[in-house]
1. In a shell of Cβ-Cβ distance under 10 Å around Lys199, excluding Lys199 itself, what net charge do Lys and Arg (+1) and Asp and Glu (-1) give?
2. Sort 289-297, 236-244 by the packing proxy (mean of other Cβ within 10 Å over each peptide's residues), most packed first.
3. Measure out, as a whole number of angstrom, how far apart the alpha-carbon centroids of segment 293-323 and segment 213-245 sit.
4. Estimate the FRET efficiency between Thr79 and Lys275 by the formula 1/(1 + (r/R0)^6), using the beta-carbon distance for r and 45 Å for R0, to the nearest 0.05.
5. Mind checking the per residue accessible area of segment 69-208 for me, 1.4 Å probe, whole number of Å²?
6. Amide H neighbours of Asp93 under 5 Å, counting only residues 5+ apart in sequence or on other chains, H built in-plane at 1.01 Å?
7. So how tilted is helix 6-19 from the main axis of the chain? Cα-based, degrees 0 to 90, rounded to 10.
8. Report the local net charge at Phe31: Lys and Arg +1, Asp and Glu -1, summed over other residues whose C-beta lies under 15 Å from its C-beta.
Amino acid sequence: MFFWGRVLQVRLRNWNRRYCIMRHLLSPLDFSTQELDALFELADDIEKDPARYAHVCAGKKLATCFYEPSTRTRLSFETAMLNLGGSVLGFSDAASSSASKGESVSDTTRVICCFADICAMRHPKEGAAFVAASHSSIPIINAGDGGHQHPTQTLTDLMTIHALKGRLGDFTIGLCGDLKFGRTVHSLINALVRYENVKFKFISPEELRVPDYIIEMLKDKNIPYEEVISLENCIPELDLLYMTRVQRERFFNEEDYVRLKDFYILDKAKMSLAKPDCLILHPLPRVNEISVEVDEDERAVYFKQVQYGVYVRMALILTLLELA
């Protein structure tokens, strides 16, 4: 899928098997922009002709190892593999795995490699997916590690923007809400800086501002950004608005969470200030930050994102298993 000739593909595949070299997806930067283009092209083809891919993964198994609660991401991976004709095994909670007995991520990974052909892992600790990959003989997909990265959500976001805007670049994007702990935000920023003429508006209370390392990265790359508190003041300038929830599970005390959880609520009044073609995205789950009345607005595309997530994860599984 990465533009190799067919003969070279076969030789590389055999070489990889011989020397146990595996490709993983641990960060959105693991794929070049050219490879992402190819991935989105494959996902688009899957959307148009799903029957063509219905049995490509017959006999293959996906392990979903989720040490942290998830609805969309876990079910999206499982749906993707089932749509490809494969099967699924795994656990949806650390309490139902041997982690509750003290088993390490590296040991769990070694065990999973005996059962499955590919693994999607979510873990509350940053870097857990990297540890798993370093001990794995099958491809590891980072399905979220703490407040660090969430690369497959980023692939979903990029595909949604590409499909509905027709481009990845030449726009102003506002990221609103929890920009400090939001791993989807961190991953998306790191991915978008590789595209031309992207401007960022960071909309958050001071306590939830984007981390300093991201600001330093934007400064180093001379990429325009602005940190603001008011959503109303900047929404008219945006081509895309990426809303996020304030994450209760990332706070050390309930008092801070309660104080900040309803800091931003996108409603019809604020939507009336936005451009006619401004798209509203959200990684979900939603709590109070987007009023349900916004769901009927054609610019609200967060449920379309969910469907794009299935297609892009199908494409990713095929690519990492070298079946595309």
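The values are calculated or read from the model by the stated rules, or taken from the named source; none is laboratory data. Because the structure is a prediction, the values reported are computed rather than measured. Cβ sites come from the backbone with ideal geometry, for glycine too, and all protein chains shown count toward neighbours. The accessibility values were calculated without ligands, DNA or RNA, using every heavy atom of the protein model including side chains. Shrake-Rupley method; radii C 1.70, N 1.55, O 1.52, S 1.80 Å.
1. -3
2. Highest-to-lowest ranking by the protection proxy: 236-244, 289-297.
3. Value for the Cα centre distance between the two parts: 24 Å.
4. 0.85
5. Value for segment 69-208: 35 Å² per residue.
6. Sorted by chain and number, the residues that satisfy this are Phe66.
7. Orientation of helix 6-19: about 80 degrees from the principal axis.
8. Surrounding charge for Phe31 is -3.
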